[in-house]
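The values are calculated or read from the model by the stated rules, or taken from the named source; none is laboratory data. If you're wondering where the values come from, they're calculated on a predicted model, not measured in any experiment. Every residue, glycine among them, receives a Cβ derived from its backbone with ideal geometry; neighbour counts consider all protein chains shown.
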Amino acid sequence: MSLKEKVDRTKLPKHVAIIMDGNGRWAKKKGNQRIFGHKNGVKAVREAVEGAGEIGVEYLTLYAFSTENWNRPKQEVDALMSLLVSTLNSESGTLMENNVRLRSIGDIAGLPKNVQQNLSEIIKKTEKNTGLTLILALNYSARWEIINAVQNIVAEAKQGDIELDQINNDYFEKHLNTCGFPDPDLLIRTSGEFRISNFLIWQIAYTELYFTEVLWPDFNRDELYKAIIDYQKRERRFGKTSDQIINS
Ligand code: FPP
């Protein structure tokens, strides 16, 4: 029985988020430059997108570029931006064929103009697709997202549009970049690091975490299915007792 067959389709995570890590180490192990790892990471992105779409995951969020990644050497940042543009261009047909809807989160206005243009074209092109929603986190930082939400809420309060006691979870979430997307059920991080690295901090309050030693360029459908099978063995209690969950 293949791993794909072992996935219980009645207990799928609706939203899977991935911290793609380990491209640099993968390249170094092979005696290559870091960018070689990023280039090979694109294959793993394809595997994750196709693998998720094939079993019926509804949302897949990929942490592709964090706000902190600008601190990397300019050569690497430039190479990552070009890789992003070339990948979006080369994959846009496949996204259409696979009925994938592309969206983004993060400070998109802070990205190079050509990346912004490219991204918005493909988001527009795929907006009516009804299959997997692929969300790219670009120039993203959860603290930035939260501060941005607070600033907008304070501005609304100052204008008298909202009373303090009306600010609750639902109201706050409407001011996040992820407004309209469900919280991730499963968060995967590759490369053996046990960190969240400023990713979706608000949204992962009740998310199941899965860490694997696999370096991102080696990630594939089967690695995704392994993570989902592990997730399916867990009991999600959301603060309740085990008995309450079993009897509900
Ligand atoms: C982390 O590995 C990876 C990144 C910062 C970039 C991820 C980008 C891609 C997989 C390619 C393009 C993506 C898309 C969506 C088209 P690292 O460089 O931090 O690895 P290290 O920890 O081993 O140094």
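Of all the residues that make up the range 87-115, how many are among the charged types (D, E, K, R) and away from the ligand (no atom under 13 Å from the Cβ)?
Selection size over the range 87-115: 4.
Cβ-Cβ under 9 Å, sequence separation 6+ or interchain: first residue in the range 117-130 and closer than 13 Å to N99 by Cα, partner loosely packed, with under 13 Cβ neighbours inside 10 Å and of a type outside the set (S, T, Y). Which pairs?
I122/N89
Consider the range 172-197. How many of its residues are surrounded by fewer than 17 Cβ atoms within 10 Å (Cβ to Cβ), in contact (Cβ under 8 Å) with a residue 40 or more places away in the chain and more than 12 Å from the ligand (Cβ to nearest atom)?
Residues meeting the conditions: 2.
Mind checking which helices (runs of 4 or more DSSP H) fall wholly inside the range 1-86 and carry at least 1 residues that are surrounded by fewer than 20 Cβ atoms within 10 Å (Cβ to Cβ) and either at pLDDT below 95 or within 12 Å of the ligand (Cβ to nearest atom) (or both)?
23-29, 34-55
Just to check your reading of the model, which residue among I204, I135 is more than 18 Å from I108 (Cα to Cα), at pLDDT 95 or above and of a type in the set (V, I, T)?
The conditions single out I204.
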